[in-house]
């Protein structure tokens, strides 16, 4: 298999969790020749995750994506280390399994801030550099929850945040396209990660699997493969799209 990202550099937010989508994406990108910067809340965890990747030259940095100056500072640090940034994967996200009437102001703020505000701020940090080089790929993590109004795990505020990511992605794609900067979103379905681990009863899991034509939960690597495609030159003419990675659970 050819290395699709040789000579490229990538920032992946929220990628320190060992079984998460971000870490799986970082690993696959590194296997394809990219230098990767892992951003997460805890510097030591980010550094450990970066050290665990195949290849050389990866870095881990602390960054709270909900704080705009922190995003700008982290981007500047990556630029100093790598000299360029070709790819940004906005993966940082949190979820809460609340019902509509249970959503308190602090729940709304926490979930909207990390998933949506963080995606905005990190993209704002990266865009001028990418525009200046007339190239770049931004990959945003949305969710099937955005498309079907929850129903698996996250509450309505999570659905709203991830739907916001879709709107933001398309608006960014439209605005950045003249400068050859692409923006796309991935909508994972039910994926076996640390976020969902141990939170579903056997009965709930069976009900979820019944709704998936492929009859299995997704793996983090399934999402990483889609991110690799969108980040690479294979997707040179793909922008403003949302790609479903859900085993057929949203065929329509």
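The values are calculated or read from the model by the stated rules, or taken from the named source; none is laboratory data. In this text the structure is predicted, and so the values were computed from the model without any measurement. With ideal geometry, Cβ positions are generated from the backbone for all residues, glycine too; neighbour counts draw on all protein chains shown.
Here are the numbers for the structure shown:
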quantity: Enumeration of residues in the range 21-39 that are assigned to a loop (DSSP other than H, G, I, E, B) and either without any contact (Cβ under 8 Å) to a residue 24 or more places away in the chain or buried (at least 23 other Cβ atoms within 10 Å of the Cβ) (or both); calculated: 34
quantity: Matching residues in the range 43-63 - criterion: being in a loop (DSSP other than H, G, I, E, B), without any contact (Cβ under 8 Å) to a residue 40 or more places away in the chain and in contact with a helix residue (DSSP H, G or I) (Cβ under 9 Å, 6 or more places away or on another chain); calculated: 52, 53, 54, 55, 57, 58
quantity: Count of the range 64-95 residues which are in a loop (DSSP other than H, G, I, E, B), over 23 Å from residue 228 (Cα atoms) and modelled with pLDDT of 95 or more; calculated: 3
quantity: Filtered residues of the range 99-116 (kept if farther than 14 Å from residue 141 by Cβ and in a helix (DSSP H, G or I)); calculated: 100, 101, 102, 105, 106, 107, 108, 109, 110, 112, 113
quantity: Residue in the range 6-18 that is farther than 20 Å from residue 227 by Cβ, surrounded by fewer than 24 Cβ atoms within 10 Å (Cβ to Cβ), under 16 Å from the mean Cα position of the chain (by Cα) and touching a residue at least 12 places away in the same chain (Cβ under 8 Å) present; calculated: no
quantity: Sole exception among (1) buried (at least 23 other Cβ atoms within 10 Å of the Cβ); (2) over 20 Å from the mean Cα position of the chain (by Cα) for residue 145, by number; calculated: (2)
quantity: Any hit, the range 99-107, residues being over 20 Å from residue 36 (Cα atoms), under 17 Å from the mean Cα position of the chain (by Cα) and surrounded by 15 or more Cβ atoms within 10 Å (Cβ to Cβ); calculated: no
quantity: Conditions (1) in contact with a helix residue (DSSP H, G or I) (Cβ under 8 Å, 6 or more places away or on another chain); (2) more than 22 Å from residue 24 (Cα to Cα); (3) surrounded by fewer than 24 Cβ atoms within 10 Å (Cβ to Cβ); number of the one not met by residue 85; calculated: (2)
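Here is a yes/no grid of residues against (1) closer than 26 Å to residue 15 by Cβ; (2) exposed (fewer than 15 other Cβ atoms within 10 Å of the Cβ); (3) in contact with a helix residue (DSSP H, G or I) (Cβ under 6 Å, 6 or more places away or on another chain); (4) at pLDDT below 90:
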residue: 190; (1), (2), (3), (4): yes, no, yes, no
residue: 199; (1), (2), (3), (4): yes, yes, no, yes
residue: 202; (1), (2), (3), (4): no, yes, no, yes
residue: 207; (1), (2), (3), (4): no, yes, no, yes
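Listed here are the residues, each with its yes/no results for (1) under 18 Å from residue 21 (Cβ atoms); (2) in a helix (DSSP H, G or I); (3) over 19 Å from the mean Cα position of the chain (by Cα); (4) touching a residue at least 12 places away in the same chain (Cβ under 8 Å).
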{"site": "138", "(1), (2), (3), (4)": "yes, no, no, yes"}
{"site": "171", "(1), (2), (3), (4)": "no, yes, no, no"}
{"site": "200", "(1), (2), (3), (4)": "yes, no, yes, yes"}
{"site": "221", "(1), (2), (3), (4)": "yes, yes, no, yes"}
